[in-house]
1. List the number of the failed condition for Asn55; all other conditions in (1) of a type in the set (S, T, N, Q); (2) out of contact with any Leu (no Cβ under 9 Å at 6 or more places or on another chain); (3) touching a residue at least 40 places away in the same chain (Cβ under 8 Å) hold.
2. Where the second residue is of a type outside the set (Phe, Trp, Tyr) and in a strand (DSSP E or B) and the first is more than 17 Å from Ser66 (Cβ to Cβ) and lies in region 6-18, which pairs have Cβ atoms under 9 Å and are six or more apart or on separate chains?
3. Does region 121-150 hold any residues that are acidic (Asp, Glu), more than 20 Å from Ile63 (Cα to Cα) and under 13 Å from the mean Cα position of the chain (by Cα), and which are they?
4. Mind listing just one residue for me: the one in region 24-42 that is assigned to a loop (DSSP other than H, G, I, E, B) and in contact with a helix residue (DSSP H, G or I) (Cβ under 8 Å, 6 or more places away or on another chain) and, of those, farthest from Val67 (Cα to Cα)?
5. Which residue pairs have Cβ atoms closer than 6 Å, lie 6 or more positions apart in sequence or on different chains, and pair a first residue in region 19-42 that is without any contact (Cβ under 8 Å) to a residue 12 or more places away in the chain with a second residue that is not in a strand (DSSP E or B)?
6. Within region 4-52, track down each residue that is surrounded by fewer than 16 Cβ atoms within 10 Å (Cβ to Cβ), within 15 Å of the chain's Cα centre (by Cα) and of a type outside the set (A, V, I, L, M).
7. Which is touching a residue at least 24 places away in the same chain (Cβ under 8 Å) and among the charged types (D, E, K, R), of Asp146, Asp115?
8. Can you confirm whether region 10-19 contains a residue that is assigned to a helix (DSSP H, G or I) and not basic (Lys, Arg)?
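Every number here is computed from the coordinates shown, using simple stated rules; none is lab data. A quick note: this is a predicted structure, and the numbers were derived from the prediction, not measured. Please note: Cβ atoms are built from the backbone with ideal geometry, for glycine as well, and neighbour counts cover all protein chains shown.
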Amino acid sequence: MIGGSEHDIWELDGEVWKVTRPDRFGWTVLPGEDGVPHLAEATSLEYLERWQNANRLLGDNAILRSVSETDEGVQVVISHPFIEGPYPEKRDIISELRKRGFILVPRFFIGSESDSSFYNDAKRIGIFDATCDNFILSQGVPIPVDVVIVEVGDLLRLQIL
């Protein structure tokens with residue numbers, strides 16, 4: 001089993017299974033009171049919306065397996081198909097997301113890589129932390145495996161554009 005700050009992860013029968021750490025649901029991006037977006041801990045609902053949007057917009061096939069409450073807090077279990085391959089180049093990620101209607105957001109990024117935030121105005125969706133290590137190159141196409149997908153309201157839209 002491997003994992004990061006958000007999940008414990010394992011492979012089983014061609015699928016990647018992810019169980020959140022108790023009351024840890026990754027990250028979201030919120031509008032800031034100072035006019036600058038900021039990173040915040042996601043709620044369990046935002047985590048589930050993130051996977052729903054990954055399925056709807058990015059072709060993922062994540063399945064909600066369970067939600068449980070433990071003594072330490074709520075945990076969510078999802079699975080999706082295992083994808084084997086190398087990390088893509090940044091230009092491949094940018095090209096693929098452009099094909100899907102996303103534009104690069106140059107002034108704001110989270111994580112270690114600039115040029116890792118994207119926005120689709122027609123769908124009002126932002127993709128953040130779209131770094132090379134959050135994609136797998138499969139049959140020449142970069143597939144997102146751990147990006148932060150956020151529904152963008154009016155104020156956040158103003159702050160990222």
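1. Condition (3) is where Asn55 drops out.
2. Gly14/Pro81
3. Within region 121-150, Asp129, Asp133 meet the criteria.
4. Out of the qualifying residues, it is Gly35.
5. Every condition considered, the pairs that remain are His38/Gly32.
6. Gly4, Ser5, Glu41, Thr43, Gln52, listed by residue number.
7. Asp115
8. No, there is no match, as no residue in region 10-19 is assigned to a helix (DSSP H, G or I) and not basic (Lys, Arg).
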